[in-house]
1. Look through region 100-119, keep the residues that are buried (at least 23 other Cβ atoms within 10 Å of the Cβ) and hydrophobic (A, V, I, L, M, F, W, C), and return whichever of them is nearest to LYS60 (Cα to Cα).
2. Assess whether ARG174 counts as being out of contact with any Gly (no Cβ under 8 Å at 6 or more places or on another chain), within 26 Å of ILE42 (Cβ to Cβ) and of a type in the set (Lys, Arg).
3. Applying the selection to region 82-104, what residues are free of Cβ contacts under 8 Å to residues at least 60 places away in the same chain and under 17 Å from LEU53 (Cβ atoms)?
4. Residues that are at positive phi: which strands (runs of 3 or more DSSP E) entirely in region 1-114 hold 1 or more of them?
5. Only one of (1) outside any loop (DSSP other than H, G, I, E, B); (2) within 18 Å of ILE106 (Cα to Cα); (3) of a type outside the set (Val, Ile, Thr); (4) in contact with a strand residue (DSSP E or B) (Cβ under 6 Å, 6 or more places away or on another chain) fails for MET297. Which number is that?
6. I'd like the residue in region 145-192 that is surrounded by fewer than 23 Cβ atoms within 10 Å (Cβ to Cβ) and among the hydroxyl-bearing types (Ser, Thr, Tyr) and, out of all such residues, is farthest from GLU269 (Cα to Cα).
7. Scan region 191-199 and give yes if some residue there is in contact (Cβ under 8 Å) with a residue 40 or more places away in the chain, part of a helix (DSSP H, G or I) and farther than 15 Å from ALA232 by Cβ, otherwise no.
8. Please find, among ALA240, ALA231, the residue that is assigned to a helix (DSSP H, G or I), closer than 20 Å to GLY176 by Cβ and either out of contact with any Gly (no Cβ under 8 Å at 6 or more places or on another chain) or in the same structural domain as ASN189 (by TED's automatic domain parsing) (or both).
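The values are calculated or read from the model by the stated rules, or taken from the named source; none is laboratory data. What you see is a predicted model, and the numbers here were worked out from it, not measured in a lab. Glycine gets a Cβ as well: all are built from the backbone with ideal geometry, and neighbour counts include every protein chain shown.
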Amino acid sequence: MKILGIETSCDETAAAVVEDGVKILSNQIASQVEIHARYGGIVPEVASRQHILAIIPILKQAMAEAKTTWRDLDGIAVTIGPGLAGSLLVGVNVAKAIALAHGLPITGVNHLEGHIYAGWLINRSINFPLVCLIVSGGHSDLALMRGHGDYVVLGRTRDDASGEAFDKAARILRLGYPGGPAIEQAARNGVASLQLPRAWLKGTNDFSFSGVKTALLRLVEEGKVSNEADAAASFQEAVADVLVTKTVAVAKERRVKQILLVGGVASNELLRQWLVNNSPIPVLVPEPVLCTDNAAMIAACGYYRFQAGKIDGLDLDVVPSLKLA
């Protein structure tokens, strides 16, 4: 079963063809990083206009790479949320047009659930129940996955998500955009010598990274940061410490069989290493290209939705604030 995936939730225009939910036949991504870097962050109107320019070329590249025609496809999976409304609309409307023109079924995919299904693209023998740590620019969620499409959200961020915190910290240290890679690159040449706070929020599985960001800002304003690399390393460790500690504790408490680390921040090498090294429970982490926004994960998720009979009509619409569960 070949599924075309389309992803335009933020600032990547992506299309992919995945077979049987596990085999990537193509995975094309057009990034807007250089465009938004000049503004220090994503400009929604600019992002949606760039999607309009990139979506057709990216679709053609994905179909060509997969050596697939429209007649070879069995369905279309497209991200409907969460994300930027204007960006989401581009992908959804193009997906509906293709579905109508070629008589293909369509299913709307939750972007966060898509990130989870990146795990199936690297390992076909995933065992339930498992704990998913979904970390990205807008989300830091802990979810229990009991089966396909069966989730219980155990914790989420109360303020800044981890990726958002990295962006803000990079801005404070003037390291550039996007913040996650900038912080990680700088941290390689530094030592975590600053004493930055951790918000443990005892009694809950929630996250909060606003405090550590503010603490870093205060140190910079007071002239107590003399080495940006050391500050970056300290900030990176503070964020990773909380994410890893809470995830391992929840996984032990729920007695799950595996931990799945996904989302853009899952590309961070320190976070990946710490979680793998500190967890007595097996940890699965997709390769970085499958952690950041891509359409292969959307197609993989779409396959399992189609298997469950979840087909949407052509009245499918975007849901910018869509929740996982």
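1. Among them, the one singled out is ILE106.
2. Considered against the rule, which asks whether it is out of contact with any Gly (no Cβ under 8 Å at 6 or more places or on another chain), within 26 Å of ILE42 (Cβ to Cβ) and of a type in the set (Lys, Arg), ARG174 comes out as yes.
3. Selection gives GLY86, ASN93, ALA97.
4. Of the strands (runs of 3 or more DSSP E) lying wholly inside region 1-114, those with at least 1 residues that are at positive phi span 75-81.
5. (4)
6. TYR151
7. Within region 191-199 (the criterion being in contact (Cβ under 8 Å) with a residue 40 or more places away in the chain, part of a helix (DSSP H, G or I) and farther than 15 Å from ALA232 by Cβ), the answer is no, since none of the residues qualifies.
8. Selected residue: ALA231, the only one of ALA240, ALA231 that is assigned to a helix (DSSP H, G or I), closer than 20 Å to GLY176 by Cβ and either out of contact with any Gly (no Cβ under 8 Å at 6 or more places or on another chain) or in the same structural domain as ASN189 (by TED's automatic domain parsing) (or both).
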